[in-house]
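The values are calculated or read from the model by the stated rules, or taken from the named source; none is laboratory data. Predicted model only: the values in this text are computed from it and were never measured. Quick reminder, even Gly has a Cβ in these numbers, built from the backbone with ideal geometry, and neighbours come from all protein chains shown.
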Amino acid sequence: MPAKKSGLEFSLQWPGDQEISSEIMKQVQSNYENLLASQVPGNDYLGWLDWPLEVESQLLERIEGRAKKIREEAELYVSTGIGGSYLGARAVIEALRPYGELKDNKPEIVWAGQNISGTYHAALLESMEQKDTHINVISKSGTTTETALAFRLLRQALEDKYGSREASRRITVTTSQDSGALASAAAEKGYEKFVIPEDVGGRFSVFTPVGLLPIAVAGIDIRDFLAGAAELAEKYRKDFEAARLPVRYAAARNQFYSDGGRVELFASFFPEFSRVGAWWQQLFGESEGKEGKGLYPATVDFTTDLHSLGQYIQDGPRHLLETLLSVKEPKQPLQVPATGEDEDGLETLAGRSFADINRQAEAGTRAAHLEGGVSVIDIKLQKLDPHNLGALLYFFMFSCALSALTLGVNPFDQPGVEAYKKNMNNRLF
Ligand code: PA5
């Protein structure tokens with residue numbers, strides 16, 4: 001792995017003079033030690049902790065090889081999965097290729113199986129008719145209804161278009177070693193298959209083939225992405241002090257919750273992070289929202305949502321913690337043009353970069369929210385690149401495990417998700 005230093009930074013500002021209590025800090029420290037010793041609830045799902053350090057080069061070569069083939073053959077790549085089986089890849093791809101549709105868009109990457117809309121999937125089928133297509137179906141259980149429905153539909157369309165043999169060559173399955181319908185289909189039809197490790201749960205799986213194949217298909221350097229995560233995996237294992245950032249984030253969230261706070265807003269002035277917010281939301285929502293506990297994880301895009309939710313954030317109930325994700329060295333491709341006229345009142349900004357104006361909007365908003373009684377946590381990336389993004393996602397995963405354990409819940413199960421499935425299935429089958 002290349003040894004590049006990730007530039008993750010963190011600061012925390014409480015509006016009053018609240019401190020993180022020594023009691024909460026002690027709990028986080030004991031959970032940190034227990035996590036690394038695998039002595040925590042859900043300890044059969046800790047494979048993600050060292051995965052970035054241990055992933056075999058042979059597997060990476062296979063993923064890169066398959067991605068290369070897909071990039072050569074496909075105009076359209078359909079990643080089919082839901083929840084942890086798609087949010088991570090989408091977050092990374094849309095952060096690093098946010099305007100991909102405008103340039104270098106080969107293959108076009110689309111998402112299926114993350115809803116049950118006939119209209120959505122009908123439009124996708126139309127697109128498949130016109131474009132050379134590869135499908136990657138991703139499901140650890142192999143039995144998720146949304147994913148299975150979409151795959152049934154898309155596979156049939158692919159077989160109608162190319163014939164069964166060629167369609168099989170264009171399907172990649174990412175699933176468990178040998179349980180579930182997808183593993184059997186892969187064996188029977190000879191689909192290219194990547195295995196999801198048993199001890200890694202969906203929302204912690206972005207560094208496994210679940211995330212890596214789609215990310216590689218997007219042309220993103222997966223080794224650099226993994227290296228960012230590996231750097232922090234190694235560092236956080238060293239000692240409690242080395243894990244200062246996730247420790248502090250986990251402790252702050254728990255302090256805020258025990259002080260009566262109920263909502264954490266993931267906010268950014270970088271629209272590139274919109275899908276990182278969706279991934280973060282699932283990570284914390286599904287890991288912590290249990291037994292009547294947990295901060296509600298909400299996401300906002302700024303400045304867009306300042307014109308819809310800004311009023312509530314500034315003046316509504318004071319139960320909000322804002323986690324503000326920013327980039328220290330953003331790209332600076334645009335400046336305000338000089339026109340020689342000032343009818344719009346903007347001539348004084350001529351020559352200023354949009355990035356600089358965005359930074360001023362961010363600083364002004366942070367100050368306003370703090371004045372309004374919102375607690376603000378700042379997380380800054382040095383750059384928006386695969387390495388820093390890998391570090392960021394690993395940081396969130398590690399923080400989330402510590403935070404949920406400190407809240408007193410098992411971070412790695414999701415018993416509540418079964419309720420809707422049971423009711424839906426009773427009506428369907
Ligand atoms: O985090 C999780 O475990 C879930 O969000 C799953 O990823 C999601 O339910 C999809 O499950 P599967 O991969 O089995 O289709």
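A quick yes/no check of all residues on (1) more than 16 Å from the ligand (Cβ to nearest atom); (2) surrounded by 18 or more Cβ atoms within 10 Å (Cβ to Cβ); (3) over 17 Å from Glu362 (Cα atoms):
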position	(1), (2), (3)
Phe269	yes, yes, no
Gln282	no, yes, yes
Glu291	yes, no, yes
Val300	yes, yes, no
Ser308	yes, no, no
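Out of all the residues in the stretch 359-376, which are out of contact with any Phe, Trp or Tyr (no Cβ under 9 Å at 6 or more places or on another chain) and either among the small types (Gly, Ala, Ser) or farther than 21 Å from Arg253 by Cβ (or both)?
Gln360, Ala363, Gly364, Ala367, Ala368, Glu371, Gly372, Gly373, listed by residue number.
What's the number of the condition Asp259 fails, among (1) surrounded by 19 or more Cβ atoms within 10 Å (Cβ to Cβ); (2) of a type in the set (Asp, Glu); (3) in contact (Cβ under 8 Å) with a residue 60 or more places away in the chain?
Checking Asp259 against (1) surrounded by 19 or more Cβ atoms within 10 Å (Cβ to Cβ); (2) of a type in the set (Asp, Glu); (3) in contact (Cβ under 8 Å) with a residue 60 or more places away in the chain, the one that fails is (1).
When the stretch 119-147 is examined, which residues are found to be closer than 15 Å to Ser79 by Cβ and within 16 Å of the ligand (Cβ to nearest atom)?
Ile135, Asn136, Val137, Ile138, Ser139, Lys140, Thr144, Glu146, Thr147
What number of residues within the stretch 274-290 are charged (D, E, K, R), assigned to a helix (DSSP H, G or I) and within 14 Å of Val417 (Cα to Cα)? First the steps, then the outcome.
Start the filter on the stretch 274-290 by keeping residues that are charged (D, E, K, R), which leaves 275, 286, 288, 290.
So of that shortlist, the ones also assigned to a helix (DSSP H, G or I) come out as 275, 286, 288.
Filter once more, keeping what is within 14 Å of Val417 (Cα to Cα): 286, 288.
Residues in the stretch 274-290 being charged (D, E, K, R), assigned to a helix (DSSP H, G or I) and within 14 Å of Val417 (Cα to Cα): 2 in total.
Suppose we filter Gly373, Gly351 for residues that are farther than 21 Å from Gly277 by Cβ and touching a residue at least 24 places away in the same chain (Cβ under 8 Å); which single one remains?
None of the others qualify; the one that does is Gly373.
Which residues, counting only those in the stretch 371-408, are closer than 25 Å to Arg318 by Cβ, among the hydrophobic types (A, V, I, L, M, F, W, C) and assigned to a loop (DSSP other than H, G, I, E, B)?
Val374
Are any residues in the stretch 232-244 surrounded by 20 or more Cβ atoms within 10 Å (Cβ to Cβ) and over 19 Å from Gly88 (Cα atoms), and if so, which ones?
Once the filter is applied, which keeps residues that are surrounded by 20 or more Cβ atoms within 10 Å (Cβ to Cβ) and over 19 Å from Gly88 (Cα atoms), the stretch 232-244 yields Tyr236, Ala243.
Please verify whether Ala230 is away from the ligand (no atom under 16 Å from the Cβ) and modelled with pLDDT of 95 or more, treating the condition exactly as stated. Let's see the steps before the verdict.
Working: away from the ligand (no atom under 16 Å from the Cβ): yes; modelled with pLDDT of 95 or more: yes.
Yes, satisfied.
Between a residue in the stretch 403-429 that is away from the ligand (no atom under 14 Å from the Cβ) and any residue that is of a type in the set (Lys, Arg), which pairs come within a Cβ distance under 8 Å, given they are 6 or more apart or on different chains?
Between residues of the stretch 403-429 that are away from the ligand (no atom under 14 Å from the Cβ) and residues that are of a type in the set (Lys, Arg), the close pairs are Ser403/Arg253; Leu407/Lys293; Gly408/Lys293; Val409/Lys290; Val409/Lys293.
Any idea how many residues of the stretch 181-221 are charged (D, E, K, R) and out of contact with any Ser or Thr (no Cβ under 9 Å at 6 or more places or on another chain)?
Within the stretch 181-221, residues that are charged (D, E, K, R) and out of contact with any Ser or Thr (no Cβ under 9 Å at 6 or more places or on another chain) number 3.
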